Structure formats: structure tokens, C-alpha cells
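What follows is a set of notes on a single structure, which appears directly below.
The values are calculated or read from the model by the stated rules, or taken from the named source; none is laboratory data. Being a predicted model, the structure only gives us computed values, none of them experimental. Every residue, glycine as well, gets a Cβ built from its backbone with ideal geometry; the counts of neighbours run over all protein chains shown. Just so you know, the surface numbers come from the protein's heavy atoms only, side chains and all, with ligands and any DNA or RNA stripped out. Shrake-Rupley method; radii C 1.70, N 1.55, O 1.52, S 1.80 Å.
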Amino acid sequence: MFAHETTTGVRASLLSEVSARTGTAVAAVWMNEWLEGPGSRALDSDPCVTLFRSAARCMQTISLWQNWHHRRRILDGLALPERISDSGAEAVARAVLAATDAESPPPTEQQAKALLSAYGITVPRESVATTPSQAVSLAERFGYPVVLKVSSPDIQHKTEVGGVRLNLATAEEVRLAAAEILDNARILEPTARIDGVSVQTMIGAGVEVLLGARIDPQFGPMITVGAGGIFVELLRDVSTQLAPVTPEIARRAIESLRLHKILTGLRGDTGYDIEALVDTVVRFSEMVSDLADELSEVDVNPLIVGRAGAIAADALIVPSHSAALTV
């Protein structure tokens, strides 16, 4: 629809009349820079008419709306996807969440990873040390190299307080790093509760992927997969789907990403384990769907996809009761 003084105003009223008479939703495309032209306000104010500024956005919205209805029919029981996670995963996960009520501290990284592990998602071997000496003992038990992270329910972004050290290969490196992490946390976050330092096995090189989830009040549980690591907000290379997803939907979501070219291999590279990523996305979607009444948000960043396998290096969960307290 073009904004023209002698015709558009008439067309706008006719569209509204047809929509009201037939009970049909109408999508109108306003392809003119004169945004307040004749008929624009009439269309904007009509609850049965949605006004778009480009044909591409209009067609994309209609496509997504149709996809949503298709997914709702699946989730309403016509063709539920076959689960791949363990049948007892939900019970284990709910037991973990039961310890994070409104009166308790926010869930820790370890509790978040416990949820992932219950659904068969691989996480690093780890344990919390309260002193540098204990950190050394754990590192020697796990085997070098290791990663150290500050363990605190009040510090979500650990790197911002100097709370992460990677690729520590000796006892002395671990001892010094643990002392520095604890000192940094106490200085930069003086009111935070510090449990100690988390000692974790070092994950090998791979592609950093983001897995995220939120419970939308209208659409329900939704998951996001995309490029992860420190560039997640810069690249914004993501695909969002209703949960749970089938392996086919997960694979199509991954293939839609620019990141997919890296995963399949560039310039002679052999590529990375896409099947392990598909498996992890499906398991993650099942977890989010099962626990939609308990969760508000989940963030796994990064998920490291290696030549063989995928492992969740870091995780954050926000229970629904915690989200309500921060509104």
C-alpha cells in the first residue's frame, strides 16, 4: 500500500471494514516515508490490522506466525517429538531446583551444570576449593591443565572481577591464581558471598556456541542457539525456536547460522562435531520444556564444540521466583 492523499485514506477504511466483517486479520504494508500519511493512523489504531514498513518484514512475520501454529499443534499432542534425554532427568533437575527457593542464594554455576548433566549434557569435572592449597589438591586429582573460577552466588559475570584463570599447568600457577581470584573478588565485590574457587578440567579447543532460553509469557519456553563467547552481542548470529525441538529442527537452526560455515570447516579444515551439537541442543530444549514452570532464563556460554563432542564450559540459571523478585 502506498500513501497517496486521494486513495490511501479510502483504502484504509475499506481494509478495516473487510477485516471487521469477515473476522480476518489483515497485514498492510506502508511503503512510503510519509509515515503519517492519510490512512496510517486508522490502520495503526485498528486491532485487526498490523501495519508493516516493508514487504520483507511482513512476509517474515507471516511465516513465523505459521511456524508457531504448526509447533503448537505438535506440542498439543498431535505429534510429540521422541525424547532423547533420560526419563528420570526431570526429577533429578527438580531436586536441584528445590534447593533454590526464594529465601536461598541465587543458583550457582555448579547447580546450573547439575541441571545440564541430568539431561545428558556434558560438563567439565569440577569441585569448589575454599583455599589455594585445596585448589592445588583438586588440580592434582583432576590432572593439569585446569581452570579456576570464583565461586559466588552473587557474582554472575566472573571475568569482570578478574575471577577466571585458564590453562593453569602447575601447582604454583594454581596456588597463585586462586589467591588472586579470591583477593580480586573480595576487593571488587566486598558484599558478595564468596564460597571459594571452582577448579575445573580445562576444555580443549573448539568452536564457542551460545545456548540460551527464556520462558515467554505468550509463546512459552523458547531456546536460542548461536555464536557464543565474547562476541555474542556483537555478532548476534542466533536462531530462536520453541521448545522442545526435534533433531531435524535443531539441525536446521544450526544450518541457518553464519557460524555453520566454521562448524563444517573452512579452507580445508576438517570441521567440528555438529552431531554432538544437535544432540546437545535437543537435550537442552527438553530440559527447558520440562522445567518451564521453574525457570525464567538459562544461559550456557560458551558451549565448546570440539572435533568430537560438545561440553558446557559455563552456565547460568535464573529461576522464576528470582526473576519475579527483580521485576
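Cβ-Cβ distances below 8 Å connect the following pairs, each with a first residue in the stretch 156-167 that is among the small types (G, A, S), a second residue that is open to solvent by 60 Å² or more (accessible area, probe 1.4 Å), and a separation of six or more residues or different chains: G162/E180; G162/L188. Looking at L75, L80, L35, L15, just one residue is out of contact with any Phe, Trp or Tyr (no Cβ under 9 Å at 6 or more places or on another chain), modelled with pLDDT under 75 and open to solvent by less than 70 Å² (accessible area, probe 1.4 Å), and that residue is L75. With the condition kept exactly as written, say whether any residue in the stretch 227-244 is assigned to a strand (DSSP E or B) and within 30 Å of G143 (Cα to Cα). Within the stretch 227-244, one or more residues are assigned to a strand (DSSP E or B) and within 30 Å of G143 (Cα to Cα). Among the criteria (1) open to solvent by 10 Å² or more (accessible area, probe 1.4 Å); (2) among the hydrophobic types (A, V, I, L, M, F, W, C); (3) part of a helix (DSSP H, G or I), the one L210 does not fulfil is (3). E173 passes every criterion in (1) of a type in the set (D, E); (2) under 23 Å from the mean Cα position of the chain (by Cα); (3) at pLDDT 95 or above apart from (2). Of the residues in the stretch 131-155, how many are in contact with a Leu (Cβ under 9 Å, 6 or more places away or on another chain), closer than 21 Å to R186 by Cβ and open to solvent by 50 Å² or more (accessible area, probe 1.4 Å)? Selection size over the stretch 131-155: 1.
Of all residue pairs spaced 6 or more apart or on separate chains, those with beta-carbon atoms under 8 Å, a first member in the stretch 218-241 that is more than 14 Å from A253 (Cα to Cα) and a second member that is aromatic (F, W, Y) and open to solvent by less than 80 Å² (accessible area, probe 1.4 Å) are F219/W68. Please find, within the stretch 256-287, the residue that is most open to solvent (accessible area, probe 1.4 Å) out of those that are free of Cβ contacts under 8 Å to residues at least 12 places away in the same chain and either closer than 21 Å to L116 by Cβ or of a type in the set (K, R) (or both). Filtering first and then ranking leaves R267. Only residues that are closer than 18 Å to G204 by Cβ, β-branched (V, I, T) and in a helix (DSSP H, G or I) were counted in the stretch 251-289, giving 3.
Scanning the stretch 236-255 for residues that are open to solvent by less than 80 Å² (accessible area, probe 1.4 Å) and farther than 12 Å from V282 by Cα yields D237, V238, S239, T240. May I ask you to verify whether S296 is assigned to a strand (DSSP E or B) and among the hydroxyl-bearing types (S, T, Y)? Spelling it out, S296 is indeed assigned to a strand (DSSP E or B) and among the hydroxyl-bearing types (S, T, Y). Out of (1) in contact (Cβ under 8 Å) with a residue 24 or more places away in the chain; (2) open to solvent by 40 Å² or more (accessible area, probe 1.4 Å); (3) not in a helix (DSSP H, G or I), what's the single condition that is false for P302? Evaluating P302 over (1) in contact (Cβ under 8 Å) with a residue 24 or more places away in the chain; (2) open to solvent by 40 Å² or more (accessible area, probe 1.4 Å); (3) not in a helix (DSSP H, G or I) leaves (2) as the failure.
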